[in-house]
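Here the structure comes first, spelled out in structure tokens, and everything after it is commentary.
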Amino acid sequence: MAADVDIDDVARRTEGYSGDDLTNVCRDASLNGMRRKIAGKTRDEIKNMAKDDISNDPVAMCDFEEALRKVQPSVSATDIERHEKWLSEFGSA
């Protein structure tokens, strides 16, 4: 990750995100650098790029911000409330 990544900020902004949602945010963020590098290039130009030219950049905060705009939380307040009720009645999983 790049030095500008504020992981605490990312954590605050992912309230209500499930484990799968967080995986999708991280995966999407990790691909954003590659997407920038291949934008506007033809299929042949992309095929001829060296692997290091495509995937060597660290994930930056802007990559997380873009991913957070795309990936929405799938856990509702009702889901959390039901889980907390179940937990208080029956204990930990």
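For LYS41, give me every one of the lysines with a C-alpha distance below 21 angstrom, ignoring sequence neighbours fewer than eight places off in its own chain.
Qualifying lysines at Cα under 21 Å: LYS51.
Go ahead and estimate [θ] at 222 nm for the chain from helices alone: -39,500 (n - 2.57) per DSSP H run with n ≥ 4, summed, over the residue count, rounded to 500.
Working: 6 runs with 60 residues, N = 93.
Calculated from helices alone, the mean residue ellipticity at 222 nm is -19000 deg cm²/dmol.
Cross-link candidates for LYS37: which aspartates and glutamates have Cα within less than 16 Å, leaving aside residues fewer than 8 places away along the same chain?
Within reach: ASP28, GLU45, ASP52, ASP53, ASP57, ASP63, GLU66.
Per-residue HN-Hα couplings for the stretch 62-69, Karplus 6.51 cos²θ - 1.76 cosθ + 1.60 at θ = phi - 60°, whole Hz, x for Gly and Pro?
For the stretch 62-69, the Karplus-derived couplings read 4, 5, 5, 4, 5, 5, 5, 6 Hz, x marking Gly and Pro.
Suppose we look only past 24 Å in the calculated P(r) of the chain. What percent of the Cα-Cα pairs does that tail hold?
Numbers: 1724 of 4278 pairs.
The calculated P(r) of the chain puts 40 percent of pairs beyond 24 Å.
Tell me, what is the per residue accessible area of the chain in Å², probe radius 1.4 Å? Working shown, then result.
On the way: 6810 Å² over 93 residues.
Per residue, the chain has 73 Å² of solvent-accessible surface.
Relative contact order of the chain, please, whole-number percent, based on alpha carbon pairs below 8 angstrom and at least 6 residues apart.
On the way: 65 pairs, mean separation 43.1, N = 93.
Relative contact order of the chain: 46 percent.
Return one number: the angle in degrees, 0 to 90 and rounded to the nearest 10, between the long axis of the Cα atoms of helix 77-90 and the longest principal axis of the Cα atoms of the chain.
50 degrees
Between the DSSP loop rule and a limit of at most 16 other Cβ atoms within 10 Å, which GluC sites (Glu not before Pro) in the stretch 15-75 are left?
Details: sites: GLU15, GLU45, GLU65, GLU66; in loops: GLU15.
The qualifying sites are GLU15.
Give me the distance in nm between label points sitting 7 Å out from Cα along the Cα-to-Cβ direction at ALA50 and ALA2, one decimal.
Each label point is offset 7 Å from its Cα along the Cβ direction, giving 2.2 nm.
With a point put 7 Å past each Cα toward its Cβ, work out how far THR14 is from ARG69 in nm, to one decimal.
Here the answer is 1.9 nm between the modelled labels.
The values are calculated or read from the model by the stated rules, or taken from the named source; none is laboratory data. Computed from a predicted structure; not experimentally measured. Every residue, glycine among them, receives a Cβ derived from its backbone with ideal geometry; neighbour counts consider all protein chains shown. Protein only, heavy atoms only, side chains kept; ligands, DNA and RNA dropped before computing areas. Shrake-Rupley method; radii C 1.70, N 1.55, O 1.52, S 1.80 Å.
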